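The values are calculated or read from the model by the stated rules, or taken from the named source; none is laboratory data. Small disclaimer: the values here were computed from a predicted structure and weren't measured. Note: ideal-geometry Cβ built from the backbone for every residue, glycine included; neighbour counts use all protein chains shown.
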Amino acid sequence: MKLLEHEARKIFAEHGIPVPAGSVIRSPGELATVMDTLGDRIVLKAQVEVGGRGKKGGVLVADRSNAQELASRLFSMEIGGIPVREVLAVEYLDIRHEYYLSISVDRSRKCALILFSDQGGVDIESLARDRPDALRRAAIPVLMDRVPPFMIRDLLSGAPAEIGDVINRLYSVFCRKDALLAEINPLVMTPAGLYAADAKLVIDDNALRRQGIAQNRDLTEREREAEKHGFSYVELKGDIGVIGNGAGLTMATLDLIQYYDGSAANFLDVGGGADQERVMHAVRLVAADPSVRVIVVNLLGGITRCDEVARGIIAAGVSQPVIVRLAGTNEKEGREILRSSGYQMLDSMEEAVRAAVEATR
């Protein structure tokens with residue numbers, strides 16, 4: 001789950017990373033008292049869980065003459081389809097140089113990956129693409145509680161030595177908060193010293209309870225419903241709903257849809273031993289997506305009984321066509337239940353997927 005900037009910068013400050021003075025406002029009317037504490041020039045930053053806010057008009061520099069107007073403009077905006085409910089007002093910094101610093105999970109090496117560049121800011125993606133050598137890298141096993149001095153020296157390579165302390169403090173945030181990403185862009189040098197002028201923190205969804213976070217804000221309504229039933233569910237962009245049992249079989253179904261030039265609307269794994277009620281909830285959940293035009297149910301009956309699956313599909317009573325491939329325990333009974341209710345059951349998942357792709361055309 002991605003934290004809002006004001007949430008991330010609070011955590012950074014608690015771990016000793018310098019952040020500019022600032023306050024969160026929830027209406028333009030709250031700005032007057034903030035200006036009194038932050039000075040005559042401030043930066044207004046929309047608090048939405050969307051990247052690239054600056055390029056989308058979500059970050060504005062204001063002074064006393066126009067701060068109220070600019071704050072009202074932000075509160076009237078939607079950025080990436082998300083309405084602005086909160087704005088972070090921070091002191092304006094006299095920036096002399098911008099740096100980039102991040103720590104993320106390197107799954108291939110099974111370690112943390114530290115990235116540092118002496119060129120930070122909004123165009124960091126272009127820099128990484130056009131000049132990958134400008135990003136210095138260090139891989140560190142997360143069993144280590146500090147970044148070794150030799151890694152710090154290699155990363156900085158002539159940049160101010162005090163950045164080394166920020167690297168270690170950010171690494172501490174990364175480890176203690178079960179983060180997938182901890183990022184400062186830009187980390188800025190001012191006459192008063194270093195500051196994290198922005199703060200990004202993405203927490204592993206599996207660690208939210210341990211971190212005291214009650215709800216994953218990144219989930220859609222359907223994803224929350226899926227979580228309630230214990231489904232492994234991911235929303236995609238296509239029009240063919242997919243229900244399988246087992247991650248491998250469900251992924252193979254998605255691959256076949258792509259192979260036959262179709263487009264999957266979701267990944268849903270009902271798990272092993274799914275009974276009638278569980279299958280019914282799965283079918284209804286997938287059908288609730290307005291983009292879904294047809295549903296493929298591809299299940300292998302081991303501990304899952306095909307007759308239970310068939311009854312669940314019928315009980316769901318959805319309007320979209322449901323194309324079924326069942327094999328295994330009580331397969332004959334399941335086939336007869338579906339046939340008698342007018343459902344299409346095919347012998348292989350290739351046939352089922354082809355039929356689903358054709359139905360969308």
Among the candidates Arg293, Arg335, Arg305, single out the residue that is in contact with a Cys (Cβ under 8 Å, 6 or more places away or on another chain), more than 27 Å from Asp205 (Cβ to Cβ), buried (at least 16 other Cβ atoms within 10 Å of the Cβ) and not aliphatic (A, V, I, L, M). Arg335
Near pairs, Cβ below 7 angstrom, 6+ apart or cross-chain, from region 3-14 (farther than 12 Å from Gln47 by Cβ and in the same structural domain as Val59 (by TED's automatic domain parsing)) to any residue that is of a type in the set (Phe, Trp, Tyr) and assigned to a helix (DSSP H, G or I): none
Top-ranked residue in region 88-129 [being among the β-branched types (Val, Ile, Thr) and touching a Gly at 6+ places or on another chain (Cβ under 6 Å); ranked as surrounded by the fewest Cβ atoms within 10 Å (Cβ to Cβ)]: Val122
Within region 44-77, the count of residues that are farther than 18 Å from Tyr92 by Cα and assigned to a loop (DSSP other than H, G, I, E, B) comes to 7
Just one of Leu194, Leu201 is within 26 Å of Val105 (Cα to Cα), assigned by TED's automatic domain parsing to the domain that holds Leu127 and either in contact with a Lys or Arg (Cβ under 8 Å, 6 or more places away or on another chain) or surrounded by fewer than 15 Cβ atoms within 10 Å (Cβ to Cβ) (or both); which is it? Leu201
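Residue-by-condition table, conditions (1) farther than 20 Å from Asn206 by Cα; (2) out of contact with any helix residue (DSSP H, G or I) (no Cβ under 6 Å at 6 or more places or on another chain); (3) without any contact (Cβ under 8 Å) to a residue 40 or more places away in the chain:
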position: Ser104; (1), (2), (3): no, yes, no
position: Leu115; (1), (2), (3): yes, yes, yes
position: Asp123; (1), (2), (3): yes, yes, yes
position: Pro148; (1), (2), (3): yes, yes, yes
position: Arg153; (1), (2), (3): yes, yes, yes
position: Ala159; (1), (2), (3): yes, yes, no
Which helices (runs of 4 or more DSSP H) sit wholly inside region 97-206 and have at least 1 residues that are of a type in the set (S, T, N, Q)? 124-130, 163-176
In this structure, is Arg136 of a type in the set (Lys, Arg) and closer than 30 Å to Val34 by Cβ? no
Consider Gln47 carefully, then state whether it is closer than 17 Å to Ala199 by Cβ, of a type in the set (S, T, N, Q) and touching a helix residue (DSSP H, G or I) at 6+ places or on another chain (Cβ under 8 Å). yes
When region 1-44 is examined, which residues are found to be over 23 Å from Ser172 (Cβ atoms), out of contact with any Pro (no Cβ under 9 Å at 6 or more places or on another chain) and of a type in the set (A, V, I, L, M, F, W, C)? Val24, Ile25, Leu31, Ala32, Val34, Met35, Ile42, Leu44
Taking region 331-361 as the search range and keeping residues that are farther than 16 Å from Gly317 by Cα and among the small types (Gly, Ala, Ser), which one is nearest to the chain's Cα centre (by Cα)? Ala356
Going by the structure shown, is Leu143 among the hydrophobic types (A, V, I, L, M, F, W, C) and closer than 23 Å to Gly16 by Cα? yes
What residue, of Arg169, Arg153, is outside the structural domain of Ala62 (by TED's automatic domain parsing), out of contact with any strand residue (DSSP E or B) (no Cβ under 9 Å at 6 or more places or on another chain) and within 25 Å of Lys45 (Cβ to Cβ)? Arg169
Those residues of region 217-234 which are under 25 Å from Leu3 (Cβ atoms) and buried (at least 16 other Cβ atoms within 10 Å of the Cβ), in sequence order: Leu219, Arg222, Glu223, Glu225, Ala226, Tyr233
Identify all residues within region 228-244 that are touching a residue at least 24 places away in the same chain (Cβ under 8 Å) and outside any strand (DSSP E or B); write none if there are none. His229, Gly230, Phe231, Leu236, Lys237, Gly238, Asp239
Looking only at region 1-41, count every residue that is surrounded by 14 or more Cβ atoms within 10 Å (Cβ to Cβ) and among the hydroxyl-bearing types (Ser, Thr, Tyr) and tell me the total. 1
Residues that are under 23 Å from Leu219 (Cβ atoms), at least 1 per element: which strands (runs of 3 or more DSSP E) completely within region 245-361 meet that? 266-269, 294-301
